[in-house]
Amino acid sequence: MRLRGGPGRLWHRGRRGLRGKRAWVWAAALLGALAVFPFLASAYQVALGLALLADVALASAWTLFSGPTRYLSLAAAAFYGVGAYTTALTGGAAAWPLPIVAGAAAGALLSLPVGLLALRLRGPYFAILTFGLSELVRHTVIWYESNVTGTVGRVLVLSLERRTLYWGLLVIAVLAVASAILLRRSRWGLALAAIGGDEERAEVLGVRPTGVKVAVFALSAALMGATGAAIAPRWTYIDPHIAFNPLISFQVIIMALLGGVGRPAGPVVGALTLGLLSEVFLLQFRYVYMIVLGAVLILVVLGLPHGIMGWRAEERTEDLVRRLRWALARRIPRRFAMRRQHQLFIGGEWQDAPEGRTFPDVNPATGETFTRIPAADAATARRAVEAAERARTEWGELQPAARAGIVLRAAQIWERRREDLERMLTTETGAVRAKAGFEVGYCTDLIRQAASLPYQATGEVAPSNVSGKINYFMRKPVGVVSVVSPWNFPYILTLRAVAPALALGNAVVLKPSEETPLAGGLLVGEVFEEAGVPPGVLNVITCARADVQAVGDVMVTHPAVGVVSFTGSTATGRALAEKAGRHLKRIVLELGGKSPLIVLEDADLDLAVSAAAFGGFFHQGQICMAATRILVEHSLADALASQLVDKLGTLKMGDPSDPQTSIGPITSPTQLEKIRAHVDDAVAKGAKVLAGGHARGPYFEPTLLTGVTPDMRCYHEETFGPVVALTSVKNADEAVRLANDTSYGLSAAIITGDPKRGMALAERIQSGIVHVNDSTVHDEPHAPFGGIKGSGLGRHGGRAAIEAFTEIRWVSLQTERRHYPFDR
Ligand code: NAD
């Protein structure tokens with residue numbers, strides 16, 4: 001790996017040094033140094049340390065709630081002030097450190113009514129409410145002190161020794177930073193971050209947003225209250241004007257935003273930077289300081305939405321302004337409600353399913369229902385097709401540049417939402433991190449490639465046998481395209497139809513699999529909506545298993561539908577093709593596979609093992625192109641088998657969100673049952689298990705079988721799981737014969753040291769795709785992807801998409817008076 005130079009290199013090393021066990025050693029050393037600091041430092045330095053610790057505690061505590069949620073809570077002053085005031089009230093009565101605990105409790109208690117009041121409010125409304133509240137409390141206290149008790153302030157009975165105070169604050173600061181780290185790493189942290197953008201995404205993470213909001217708000221207020229309570233003894237005379245000083249809110253927010261609220265270190269860096277500046281400059285240049293502070297806040301919010309720590313070039317001002325415009329135009333009508341149920345996307349409107357019917361969306365790794373999805377019926381599907389029918393003409397007539405622009409914008413949004421999209425894939429399908437990252441990244445290229453299609457839908461000017469006639473053969477959008485997608489690669493398999501169909505001027509009705517209604521459907525709807533697709537041009541309907549047939553019927557047979565793009569099992573594809581045939585609809589079918597990986601005796605063994613492991617077991621083998629049959633020449637068979645078994649032993653199986661995991665859960669219990677049944681059947685009929693063979697909870701071990709014969713189910717049927725059959729063959733001819741002994745014909749691969757021989761063999765394999773010296777699993781956005789025999793009909797990808805989603809129209813122009821037989 002190439003090492004970066006200069007400060008980048010230092011940063012890189014620093015990060016490396018801060019991982020795992022080393023991080024604990026560093027943290028302990030830092031804490032030790034901070035703890036002994038008061039013994040070594042001068043009184044001024046300890047005072048400065050005190051102030052900085054308070055800043056760090058406040059900024060981190062504020063960020064716990066406001067930062068990740070992107071809520072701008074100005075309540076910091078209220079909570080801080082309540083803590084300070086509590087110390088003033090209880091300082092004489094209770095022994096140290098009870099006043100701090102009381103301050104923390106008071107902050108948390110005050111935050112509860114605010115939190116509950118603000119639960120359903122979006123960021124700006126929330127900020128106004130909390131700021132109003134802190135001002136109200138401040139003025140009430142001042143009024144009470146001056147008019148009722150006659151004291152403007154209170155003499156603190158408690159006067160703490162500087163070092164005790166320092167250590168008290170150190171504990172609170174450490175608690176605040178530790179909470180930020182723990183929170184960020186937990187599901188709650190992810191949920192909180194999601195709440196700031198879109199509450200439904202928090203639900204997707206399996207957390208109840210309201211509970212998380214109130215709890216974290218109270219935690220952050222408690223830490224702020226404790227900081228206020230601890231710092232109060234620094235003053236000998238506590239003035240409510242100071243205790244409830246709203247300037248503290250602004251300072252805290254600026255500190256946290258300056259450092260960056262996306263990482264726990266951000267507020268710490270911001271607090272130390274600005275804390276130092278304020279301590280040194282505040283007393284000297286108070287007013288200049290305020291002006292500078294205000295300017296910094298404005299610049300930070302506009303120019304660095306992710307603060308110093310999260311600065312990324314592509315997310316600078318322009319992007320922010322566009323996002324704000326989008327939010328204003330589309331989100332505000334649903335203004336006060338933060339919470340959005342998942343809804344169907346029809347005619348540009350998000351709407352509920354009839355009678356509010358829903359079905360569960362389940363996380364395969366945990367078995368939990370993490371959210372509920374609207375369940376459309378046939379009538380809903382009809383409305384969606386009609387909305388598409390209304391929108392198709394105007395969209396189809398739009399200039400290519402306009403359509404390409406919107407599709408390109410979708411690619412940008414896709415890239416921006418990358419982390420979200422990856423997380424969703426793991427939650428909804430059990431995709432391991434590598435698979436999720438690959439799929440989301442691939443889709444950016446796929447959408448970009450689709451954006452080039454409006455310019456590629458060219459026609460021909462052809463000669464004519466009639467004098468004076470000019471023939472034009474031109475490409476026109478088909479009108480309405482129905483897209484039905486499966487669950488295994490929901491983003492790719494949805495987008496490879498939706499993006500080109502839209503780019504080429506069609507309106508689309510999309511129905512994702514009921515296993516992946518969010519990844520395969522509703523999220524795609526959100527991205528294209530934000531990109532500016534006009535109402536009705538993309539419609540997304542989700543439905544429960546029980547309604548699939550009725551909804552599917554409408555999507556195939558409705559008179560307005562021009563083309564059906566279906567990816568899924570061969571059985572379903574065949575049923576849909578029959579219906580399409582009866583209604584004379586064009587249908588593109590991408591179906592199942594039973595792909596062979598042929599390893600010839602001159603192959604690079606290391607490459608063969610890698611290609612077999614990836615091809616057979618990536619995404620638990622739930623890939624249409626999976627290399628489920630290894631056909632290896634006799635002389636290499638033993639070595640390949642033993643090295644592949646060793647390799648499988650190194651693949652970690654388990655929690656898909658762990659970056660080390662290679663094998664995640666099987667996406668549905670039905671699928672798991674089918675895999676188990678195939679393996680049991682093979683074993684019962686005499687197959688030998690070289691590796692794996694068992695289910696473990698929702699997981700199935702990577703399984704390598706030998707001795708698989710035609711009487712076994714897994715010889716002919718698609719297992720669609722991590723099960724590979726290894727067969728030793730006499731020679732290349734036998735390999736080709738066995739490779740073709742299947743009703744499928746999607747992908748195949750040949751590993752050989754002789755590329756020419758590989759290419760010659762490739763031509764003898766009955767398959768839509770053959771890769772020489774690669775795995776069976778490979779796709780590119782511009783390549784014609786599809787199978788023969790039972791694997792499908794038609795192609796997706798590149799120019800094939802033009803064939804699929806446009807029709808050719810013959811228009812001629814007669815430039816001379818033509819003479820017909822009836823003319824005299
Ligand atoms: P599936 O056939 O059960 O479902 C695919 C889609 O069809 C889903 O959206 C489902 O809701 C819908 N559907 C089911 N019955 C329907 C009906 N009667 N009318 C209309 N729609 C209906 O397949 P799956 O289990 O989701 O996916 C796995 C299959 O997909 C495997 O066979 C795999 O090989 C195949 N696949 C093929 C490709 C390819 O490009 N060739 C890619 C991925 C997956």
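How far is helix 20-40 tilted off the main Cα axis of the chain, in degrees rounded to 10, range 0 to 90?
The angle comes out near 10 degrees.
Express in Å², to the nearest 10, the accessible area of PHE37 obtained by rolling a 1.4 Å probe over the protein heavy atoms while all chains stay in place.
Only protein atoms counted, so the area is about 60 Å².
Dipole size in debye (nearest 20) for the range 752-824 around its Cα centre, Lys and Arg Cβ +1, Asp and Glu Cβ -1?
360 debye
Using amide H atoms built 1.01 Å from N in the peptide plane, name the residues 5+ places from LEU690, or on other chains, whose amide H lies under 5 Å from its own.
Close amide H contacts, sequence-distant or interchain: LEU704, LEU705, THR706.
Counting only protein heavy atoms, what percent of the accessible surface of the chain is carbon or sulfur at a 1.4 Å probe?
That fraction is 60 percent.
Given +1 on the Cβ of Lys and Arg, -1 on the Cβ of Asp and Glu, and no further charges, what dipole in debye does the chain carry about its Cα centre, rounded to the nearest 20?
About 1500 debye.
On a full-extension model of 0.36 nm per residue, what is the gain between ASP733 and ALA178, subtracting their alpha-carbon distance, rounded to one decimal in nm?
Extending this stretch completely gives an extra 193.4 nm.
Just grab the label-to-label distance for ARG382 and LEU276, each label 7 Å out from Cα along the Cβ direction, in nm (one decimal).
Using points 7 Å along Cα→Cβ, the separation is 7.1 nm.
Compute, for TYR472, the solvent-accessible surface of its heavy atoms (probe 1.4 Å) with the complete set of protein chains present, and express it in square angstrom to the nearest 10.
80 Å²
At 1.4 Å probe size, put TRP24, TRP350, TRP167 in order of accessible surface, largest to smallest.
Final ranking, largest accessible area leading: TRP24, TRP167, TRP350.
In terms of the Cα gyration tensor, with a ≥ b ≥ c the square roots of its eigenvalues, is the range 502-571 rounded because a/c is under 1.5, prolate because a/b exceeds b/c, or oblate? Show your work: numbers first, answer last.
Working: a/c = 1.94, a/b = 1.28, b/c = 1.51.
Oblate, since a/c reaches 1.5 and b/c is not below a/b.
What is the sum of charges around PHE345, taking Lys and Arg as +1, Asp and Glu as -1, for the other residues whose C-beta is under 10 Å from the C-beta of PHE345?
Numbers: positive: none; negative: GLU349, GLU526, GLU529.
My count for the surroundings of PHE345 gives -3.
In the P(r) worked out for the range 647-718, what percent of Cα pairs fall beyond 16 Å?
50 percent
Between ARG757 and ALA402, what is the FRET efficiency for a Förster distance of 41 Å, r being their Cβ-Cβ separation, to the nearest 0.05?
Values: r = 50 Å, r/R0 = 1.22.
Computed FRET efficiency for ARG757 and ALA402 comes out at 0.25.
On a straight-distance basis, which lysines could pair with LYS688 in a cross-link, Cα separation under 20 angstrom, same-chain partners fewer than 8 positions away excluded?
LYS594, LYS647, LYS674, LYS730
Along the positive direction of the dipole of the chain (beta-carbon charges: Lys, Arg +1; Asp, Glu -1; about the Cα centre), which of HIS342, LEU272, LEU247 reaches farthest?
Result: LEU247, furthest along the dipole toward the positive end.
Sequence-distant or interchain residues sharing an amide H contact under 5 Å with ARG586, placed H: which?
Amide H neighbours of ARG586, under 5 Å, 5+ apart: VAL564.
Please name whichever of VAL432, ALA384, SER452 sits farthest to the positive end of the charge dipole of the range 359-474, dipole taken about the Cα centre and charges placed at Cβ: Lys and Arg +1, Asp and Glu -1.
It is SER452.
Work out the charge dipole of the chain with +1 on the Cβ of Lys and Arg and -1 on the Cβ of Asp and Glu about the Cα centre, then indicate which of PHE617, GLY798, TRP24 is farthest towards its positive end.
TRP24
Summing -39500 (n - 2.57) over the DSSP H runs of n ≥ 4 in the chain and dividing by its residue number, what mean residue ellipticity at 222 nm do you reach, to the nearest 500 deg cm²/dmol?
Working: 30 runs with 429 residues, N = 824.
Mean residue ellipticity at 222 nm (helix-derived): -17000 deg cm²/dmol.
Probe 1.4 Å, all protein chains in place: accessible area of HIS819 in Å², nearest 10?
Taking all protein chains as shown, HIS819 has close to 140 Å².
Quick check: convex hull over the Cα atoms of the range 710-824, volume per residue in Å³, rounded to an integer?
Cα-based convex hull of the range 710-824, divided per residue, equals 223 Å³.
Taking the Cα centre of the range 682-824 as origin, sum charge times position over the Cβ atoms of Lys and Arg (+1) and Asp and Glu (-1), and report the length of that vector in debye to the nearest 20. If you can, show how the numbers build up before the last one.
Working: 16 positive and 16 negative charges, 55 e Å.
Using Cβ point charges on Lys, Arg, Asp and Glu, the range 682-824 gives about 260 debye.
The chain: D in µm²/s via Stokes-Einstein (Kirkwood Rh, Cα pairs, 20 °C, 1.002 mPa s)? Provide the component values of the computation, followed by the final result.
Details: Rh = 30.3 Å.
Estimated diffusion coefficient is 71 µm²/s.
Using alpha carbon centroids, what distance separates the range 698-716 and the range 796-816, in Å?
First find each Cα centre; the distance between them is then 45 Å.
The values are calculated or read from the model by the stated rules, or taken from the named source; none is laboratory data. None of these values were measured; they are calculated from a predicted model. Using ideal geometry, Cβ is built from the backbone for each residue, glycine included, and neighbour counts are taken over all protein chains shown. Keep in mind that these areas ignore ligands, DNA and RNA; they rest on the heavy atoms of the full protein, side chains included. Shrake-Rupley method; radii C 1.70, N 1.55, O 1.52, S 1.80 Å.
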